[in-house]
1. Among the strands (runs of 3 or more DSSP E) confined wholly to region 28-96, which include 2 or more residues that are over 20 Å from residue 12 (Cβ atoms) and β-branched (Val, Ile, Thr)?
2. Is there any pair with a first residue in region 5-18 that is over 22 Å from residue 53 (Cβ atoms) and a second that is in a loop (DSSP other than H, G, I, E, B) whose Cβ atoms are under 9 Å apart and which are 6 or more apart or on different chains, and what are they?
3. What number of residues within region 30-47 satisfy the criterion of being of a type in the set (D, E, K, R) and either closer than 12 Å to residue 94 by Cα or surrounded by 13 or more Cβ atoms within 10 Å (Cβ to Cβ) (or both)?
4. Condition first: in contact with a Pro (Cβ under 6 Å, 6 or more places away or on another chain), at pLDDT 90 or above and either on the phi < 0 side of the Ramachandran plot or surrounded by 13 or more Cβ atoms within 10 Å (Cβ to Cβ) (or both). Can you find one or more residues in region 48-58 that meet it?
5. Go through 25, 6 for me and flag whichever is within 13 Å of the chain's Cα centre (by Cα) and at pLDDT below 95.
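The values are calculated or read from the model by the stated rules, or taken from the named source; none is laboratory data. Fair warning: this is a prediction, and the values are worked out from it, not measured in the lab. As a convention, Cβ positions derive from the backbone with ideal geometry for all residues, glycine included, and neighbour counts pool all protein chains shown.
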Amino acid sequence: RCTWNSYLRITEDERILAPIAGFTSVQGDVAKNDQVILTLGSREVEGFNNYQGTGFLIEGRARFTDSGNEFEQMHAEYPFMNKLLEITVESTKQLL
C-alpha cells in the first residue's frame with residue numbers, strides 16, 4: 001500500500017506515524033506478522049555523490065491503533081483517518 005510521505009511523522013524516539021484510512025487487508029496481515037519493509041524517498045535529503053534526493057529502505061515492526069494521544073493529535077491534522085499506523089524502526093539503509 002502507499003501513502004504520501006508528507007503525511008508521515010517521526011517521533012522523538014524515531015518511530016514513524018502514518019494516518020490511515022482503509023488498509024483493512026494490511027491490518028489483517030500485521031495482526032499475523034508485524035514485521036514490515038518500507039521504502040520511501042525524500043527530495044530534502046541529499047543522496048550519494050551530491051545527488052538531490054535519496055531513498056531509504058526501512059525495516060521494523062508495525063501496529064495499528066485507534067486511540068491515545070498520538071492518534072488524537074494526528075486525527076486533528078488528518079480528520080479522514082480512522083487508524084494510526086506506527087512503525088518501530090529496527091534498521092535503515094540509504095538507497096541512492
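1. Once the strands (runs of 3 or more DSSP E) in region 28-96 are filtered for at least 2 residues that are over 20 Å from residue 12 (Cβ atoms) and β-branched (Val, Ile, Thr), what remains is 35-46.
2. Close Cβ pairs (under 9 Å, with a partner that is in a loop (DSSP other than H, G, I, E, B)) amount to 17/8; 17/11.
3. Total satisfying the criteria: 2.
4. No, there is no match, as no residue in region 48-58 is in contact with a Pro (Cβ under 6 Å, 6 or more places away or on another chain), at pLDDT 90 or above and either on the phi < 0 side of the Ramachandran plot or surrounded by 13 or more Cβ atoms within 10 Å (Cβ to Cβ) (or both).
5. The unique qualifying residue is 6.
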